[in-house]
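Colleague: Sharing a structure, written as structure tokens. Questions coming.
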Amino acid sequence: MSRTVAFVGCGRITRAVVGGLVAAGDAPESLRGVSRSGARARALSEEFGIRAAASVQEAVDGADVVVLAVHPHQTPAALDALAGAPAGGGAVLVSLVASCRTKAVVAALPGTAVVRAVPNVAVAARRGVTVLSSGPGCPPGAFHTARALFAPLGEVLTVREDLMETVSALSGAGPALVAHFARALARAGAGQGLSADTAAVLAAHAVRGTGALLTEPGATPDAVMDQVASPRGMTEAALRTLDERALPQSVREALDAAVRLSLGRLLTGAEGLSARS
């Protein structure tokens with residue numbers, strides 16, 4: 001079914017979603033983007049063929065889905081612009097804004113069906129995961145529309161909204177954390193004498209292959225480690241060293257730091273939005 005999707009904000013995650021949608025077969029002309037200066041919207045237009053709108057009004061006029069994808073501090077101004085530029089009856093607003101609860105969006109846009117979404121950048125390759133939660137009073141049909149938007153881009157999960165900050169830290173930041181580990185692994189290989197390029201390729205494929213194994217039905221991290229590690233072998237020695245160096249604790253602390261930062265910036269209602277204006 002054809003639909004028109006308007007993106008308010010054209011940063012990294014919008015680029016990932018747009019790239020995935022176009023790769024999945026969405027007609028570029030059915031996608032619109034608007035950004036503060038217009039530069040990022042034009043860049044997406046040049047890269048993917050979508051329509052770069054000159055204003056929020058132009059972007060959302062007649063849209064079936066409006067995707068709000070701005071930084072938290074830009075949210076009050078974006079919601080003000082959306083309040084003055086209604087997308088029309090039945091439009092669903094999908095908020096990708098970090099640290100912003102849906103009730104804050106609904107308070108600014110009364111009567112709007114709002115769904116919060118946290119996609120990760122792998123949606124660009126249609127191998128991502130998107131987590132959804134319904135806003136106050138969101139009808140089932142609107143939630144289905146949001147799910148249908150992200151379904152071609154990978155797996156879609158649902159959680160309570162009070163867990164979305166943890167989702168953002170684990171899934172949204174996850175690719176960067178895994179890339180950090182891949183870089184460390186590659187540098188360790190280079191330190192053993194491999195060329196930097198060879199070590200980087202080996203580390204990248206280790207991550208890619210492990211991801212494929214972990215997404216197989218019934219797979220678990222323990223099962224994958226058991227497949228690789230022989231008793232008293234080199235893999236077991238490497239895993240033991242990581243545990244001794246407190247890798248699990250470091251990961252827990254990293255996730256906790258990300259969640260605490262997100263909660264510290266949380267926008268939960270109209271008062272919070274006004275305070276950030």
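Colleague: Per residue of region 54-60, what does 6.51 cos²θ - 1.76 cosθ + 1.60 with θ = phi - 60° give for ³J(HN,Hα)? Whole Hz please, x for Gly and Pro, Karplus curve as stated.
Modeller: With the stated coefficients, region 54-60 comes to 8, 8, 4, 4, 5, 5, 8 Hz.
Colleague: Would you mind computing the Rg to Rh ratio of region 45-151 from its alpha-carbon coordinates, Kirkwood style for Rh?
Modeller: Reported Rg/Rh (Cα atoms, Kirkwood Rh): 0.94.
Colleague: Round to the nearest 0.05 the FRET efficiency obtained for Val228 and Leu163 when R0 = 30 Å and r is the Cβ-Cβ distance.
Modeller: 0.45
Colleague: Taking amide H positions as placed in the peptide plane 1.01 Å from N, state which residues far from Ala113 in sequence (5 or more) or on other chains have amide H under 5 Å from it.
Modeller: Under 5 Å from the amide H of Ala113: Leu93.
Colleague: Between Ala54 and Ala219, what FRET efficiency comes out of the Förster formula 1/(1 + (r/R0)^6) with R0 = 45 Å and r the beta carbon distance, rounded to 0.05?
Modeller: Calculated transfer efficiency: 0.40.
Colleague: Excluding Ala190 itself, what net charge comes from residues whose Cβ is under 13 Å from its Cβ, given Lys and Arg +1 and Asp and Glu -1?
Modeller: +1
Colleague: Filter the DSSP H helices in the chain by two things, a Kyte-Doolittle mean of at least 1.6 and an axial alpha-carbon span of 24 angstrom or more, and list the hits by number.
Modeller: none
Colleague: Taking every DSSP beta bridge with both residues inside the chain, roughly what % is antiparallel (nearest 5)?
Modeller: Working: 5 of 29 bridges.
Percent antiparallel among DSSP bridges in the chain is about 15.
Colleague: Mind ranking 129-137, 219-227 by how tightly packed they are, going by the mean number of other C-beta atoms within 10 angstrom, highest first?
Modeller: Taking the mean over residues of other Cβ atoms within 10 Å, the ranking is 129-137, 219-227.
Colleague: Determine the gain in length on full extension of the stretch Val201-Leu261; use 0.36 nm per residue of separation and subtract their C-alpha separation, reporting nm with one decimal.
Modeller: Numbers: separation 60, 0.36 × 60 = 21.60 nm, distance 3.32 nm.
Value of the extension gain: 18.3 nm.
Colleague: Taking only Cα atoms and a 10 Å spring cutoff, compute GNM fluctuations for the chain and point out the largest among Leu261, Leu82, Leu214.
Modeller: Greatest mean-square fluctuation among the candidates belongs to Leu214.
Colleague: Which residue fluctuates the most in the chain, going by a Gaussian network model with Cα springs under 10 Å, if the choices are Gly141, Gly211, Gly154?
Modeller: Gly211
Colleague: Now for a different question. Could you give the length gained on full extension between Ala23 and Arg3, defined as 0.36 nm per residue of separation minus the Cα-Cα distance, in nm?
Modeller: 5.6 nm
Colleague: Quick one: compute the contact order of the chain, relative version, from alpha carbon pairs under 8 angstrom and 6+ residues apart, as a percent.
Modeller: Over the chain, the number comes to 17 percent.
Colleague: Can you tell me how much longer the chain between Arg252 and Arg183 gets when fully stretched, taken as 0.36 nm per residue apart minus their C-alpha distance, in nm with one decimal? Intermediate values should be presented prior to the final figure.
Modeller: On the way: separation 69, 0.36 × 69 = 24.84 nm, distance 1.94 nm.
Full-extension gain reported as 22.9 nm.
Colleague: Find the centroid of the Cα atoms in region 39-53 and in region 106-146, then give the distance between the two in whole Å.
Modeller: Centre-to-centre distance over Cα atoms comes out at 23 Å.
Just so you know, all these numbers are worked out from the coordinates, no wet-lab data involved. Please read all numbers here as calculations on a predicted model, not as lab measurements. Note that each Cβ is placed from the backbone with ideal geometry, even for glycine, and that neighbours are counted across all protein chains shown.
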